[in-house]
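Input: a single structure, listed below in structure tokens.
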Amino acid sequence: MSNFVCESIVQCGRTSERLTYTLTDNRFFYQTAYKILQNQAEHTFIPCYKSMWNGKVRLSYSINSYHSLYRYNGQLLPEHIIEIITEICKHVDSFKMNGLIQPETIDLSYDSIFLDEALSVHMICVPLAISSTPETQVSFELAVKELLCEIIEKAQCQQDEGLLLLYQDCKDSKNTSEHIFLNLKMKKYSSAGAVDNSRAGIQLCGITNGQNIWIDMEECILGKSPEYAHKVIEGSSSVSRKHCRICWRNGQFFIEDMGSLNHTYVNGILVKNGECIPLQTGDMIQIADLEYEVG
């Protein structure tokens with residue numbers, strides 16, 4: 001299955017030694033991106049070489065020094081899968097921060113992800129001049145999560161608690177790839193993290209409504225609407241659809257109001273707009289007319 005957002009503007013070819021991407025229109029070739037990728041060769045992305053084929057720009061990638069993920073189906077340990085997925089997310093995140101090349105030009109097809117002998121990840125990026133749109137961004141976001149799910153499925157490690165949790169997070173439409181990457185950095189999906197969630201989690205113990213909420217995400221939106229909130233607040237119509245947000249930053253959980261009508265309070269003090277308040281065990285949180293204690 002192809003997971004390449006730009007597939008419609010290239011013709012893909014493959015042999016045992018190389019991948020080729022022939023542009024349907026030469027105006028899509030992006031010289032600046034081509035030079036940048038040459039400088040990053042062999043570190044993150046497999047080097048590409050430009051040639052002409054029947055008047056069309058063709059970009060070729062030599063893959064005979066690497067192994068496709070297919071070679072490792074069912075052979076890798078869960079910790080190796082976590083390392084590979086973390087590295088993929090790291091590459092994607094660094095590309096988003098770059099700003100010079102659109103991340104949608106990364107081929108996220110399962111058979112276009114390669115490993116070297118040390119199991120380091122090497123990926124394919126095609127230097128294309130495209131404009132990023134909300135539609136392509138959504139497609140790319142889905143492609144990232146679909147790739148991660150496919151890696152876990154083909155690794156045959158779904159019985160591992162950490163990978164199962166990662167798989168479920170990837171399937172949840174509320175979670176972005178950035179959320180998942182930050183959770184990976186927090187070791188949420190490691191075997192130890194799956195057993196001992198207290199390392200990176202807090203519980204809100206409901207005093208008013210008896211609802212206990214466990215939070216172990218790097219960013220968790222609380223509110224009354226399941227469409228907008230990661231955790232749904234029960235028992236009050238005064239809670240906004242997206243009421244407040246709890247974030248993990250630098251080893252600490254913080255709470256932030258999201259412009260709610262009936263406000264958020266910590267230990268009786270109003271959380272002002274744009275203000276992030278650190279949370280500690282024993283703190284009292286008021287969400288509209290509901291009270292919770294940080295456990």
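Values for this structure:
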{"item": "Three-way shape label, the stretch 53-143, alpha-carbon gyration tensor, a/c 1.5", "result": "oblate"}
{"item": "5 angstrom amide H check on E275, placed H, neighbours 5+ away", "result": "D257"}
{"item": "The stretch 76-211 shape via C-alpha gyration tensor axes, a/c threshold 1.5", "result": "oblate"}
{"item": "Label-to-label distance, nm, for residues given as V138 and N98 (7 Å Cα→Cβ offset)", "result": "2.6 nm"}
{"item": "Distance-filtered residues of the stretch 275-295 - backbone nitrogen under 17 Å, label point 7 angstrom along Y228 Cα→Cβ", "result": "287-289"}
{"item": "Cβ-based charge dipole, the chain, positive-most Cα from L108, Q280, Y61", "result": "Y61"}
{"item": "Estimated dipole of the stretch 224-295 in Debye, rounded to 20 [Cβ of Lys and Arg +1, of Asp and Glu -1, Cα centre]", "result": "260 debye"}
{"item": "Helix-only [θ]222 nm of the chain, DSSP H runs n ≥ 4, -39500 (n - 2.57) each, per residue, nearest 500", "result": "-8000 deg cm²/dmol"}
{"item": "Alpha-carbon gyration tensor eigenvalues x 5, square-rooted, for the stretch 1-158, Å", "result": "25, 17, 14"}
{"item": "Projected-area mean, the stretch 206-279, by convex hull of Cα positions, square nanometres", "result": "4.9 nm²"}
{"item": "Partner lysines for K272 [C-alpha distance under 18 Å; skip if fewer than 8 residues away on the same chain]", "result": "K242"}
{"item": "Net lengthening on full extension, R249/E293 (0.36 nm per residue, minus Cα-Cα)", "result": "13.8 nm"}
{"item": "For the stretch 1-58: span of alpha carbons on each principal axis (Å, largest first)", "result": "28, 27, 22"}
{"item": "Cα centroid separation, the stretch 1-69 to the stretch 131-195 (Å)", "result": "26 Å"}
{"item": "Per residue accessible area of the chain, 1.4 Å probe, in Å²", "result": "48 Å²"}
{"item": "Relative contact order %, the chain, counting alpha carbon pairs below 8 Å whose residues are six or more apart", "result": "12 percent"}
{"item": "Added length on full extension, which subtracts the Cα-Cα distance from 0.36 nm per residue, T32 to S8", "result": "6.5 nm"}
{"item": "GluC sites (Glu not before Pro) within the stretch 14-106, DSSP loop, no more than 16 other Cβ atoms inside 10 Å", "result": "E17, E42"}
{"item": "Tensor-based shape of the stretch 61-111 (alpha-carbon gyration tensor, a/c under 1.5 rounded, otherwise prolate or oblate)", "result": "oblate"}
{"item": "Accessible area of the chain belonging to carbon and sulfur atoms, whole % at 1.4 Å probe", "result": "48 percent"}
{"item": "Convex hull volume per residue for the chain, taking Cα atoms only, in Å³", "result": "141 Å³"}
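The values are calculated or read from the model by the stated rules, or taken from the named source; none is laboratory data. Everything numeric here is computed off the predicted structure, so don't read it as measured data. Here the Cβ is made from the backbone with ideal geometry for all residues, glycine too, and neighbour counts use every protein chain on show. Please note that ligands, DNA and RNA were not included when accessible areas were found on the heavy atoms of the full protein model with its side chains. Shrake-Rupley method; radii C 1.70, N 1.55, O 1.52, S 1.80 Å.
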